[in-house]
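Data block below; observations after.
Laboratory data are not the source of any read-out in this text; all were calculated from the coordinates shown. These numbers come from a predicted model, not from an experiment. FYI the Cβ positions are ideal-geometry reconstructions off the backbone, even for glycines, and counts take in every protein chain you see.
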Amino acid sequence: MMLRRETIVGKLIGIVFAAVTLTACQSSQEAAKLVRSEWVGQRADAFFVANGPPRDSFPREGGGMIHTWRGGDATITRPGQLQARQTVSPAYDGRPMRGAIVNYQPPQQLNYFCEMQITADNQDIIESIRISRDTAGTGFSFSRCSELFAR
């Protein structure tokens, strides 16, 4: 069986689109590498000016601080869904019995954010950054942190 040229071209376009879409996806690990390469060695205050204040800060033994930063907070409400399926089953008297199976999923609130632990020395220079919590992205991304810090 020979495929028509339009079908082959359509499939090739779909494959190229999927490949481009997947290459844009980043994981939490890739986002962490990117953030570390950009901010380790920089002043913590500069990070907070650019990205918002820390949520919590704790002094380290021997000087310096550990900051908990959270950003990119977004809430999306997914509407409820109702699915109904009709059923037909035989009855004892031979006539079919009709019914329905109804499934309802209430609306859901989906929360998205990126949370990091930022360790700074007593000169306020960032020594390390660790992503402590990362949700899925709001779009087609696997990581909210990668959405915030991707270039």
For E61, indicate whether it is over 20 Å from T135 (Cβ atoms) and either without any contact (Cβ under 8 Å) to a residue 12 or more places away in the chain or not in a strand (DSSP E or B) (or both).
yes
Requiring at least 2 residues that are small (G, A, S) and under 30 Å from K33 (Cα atoms), the strands (runs of 3 or more DSSP E) wholly within segment 82-151 are 126-134
So S89 ticks every box in (1) over 18 Å from T138 (Cα atoms); (2) small (G, A, S); (3) surrounded by 10 or more Cβ atoms within 10 Å (Cβ to Cβ) but one. Which box is left unticked?
(3)
Between G72, G99, G80, which is touching a Leu at 6+ places or on another chain (Cβ under 6 Å) and either closer than 30 Å to S146 by Cβ or touching a residue at least 12 places away in the same chain (Cβ under 8 Å) (or both)?
G72
Conditions (1) over 29 Å from G139 (Cβ atoms); (2) touching a strand residue (DSSP E or B) at 6+ places or on another chain (Cβ under 9 Å): number failed by R36
(1)
Can you name every residue in segment 83-96 that is in contact (Cβ under 8 Å) with a residue 12 or more places away in the chain and of a type in the set (A, V, I, L, M)?
A84
S141: passes all of (1) buried (at least 17 other Cβ atoms within 10 Å of the Cβ); (2) of a type outside the set (D, E); (3) on the phi > 0 side of the Ramachandran plot but (3)
Would you tally the residues in segment 73-87 being hydrophobic (A, V, I, L, M, F, W, C) and within 21 Å of the chain's Cα centre (by Cα)?
2
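Quick one: is A46 of a type in the set (G, A, S) and surrounded by 11 or more Cβ atoms within 10 Å (Cβ to Cβ)? Before the answer, list the steps.
Numbers: of a type in the set (G, A, S): yes; surrounded by 11 or more Cβ atoms within 10 Å (Cβ to Cβ): yes.
Yes; evaluated as a whole, the condition is true for this residue.
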Restricting to segment 38-58, and then to whatever is in a strand (DSSP E or B) and closer than 19 Å to E115 by Cβ, can you tell me which residue is farthest from the chain's Cα centre (by Cα)?
F58
Taking into account only those residues within segment 102-132 that are without any contact (Cβ under 8 Å) to a residue 40 or more places away in the chain and within 12 Å of the chain's Cα centre (by Cα), which is surrounded by the fewest Cβ atoms within 10 Å (Cβ to Cβ)?
N111
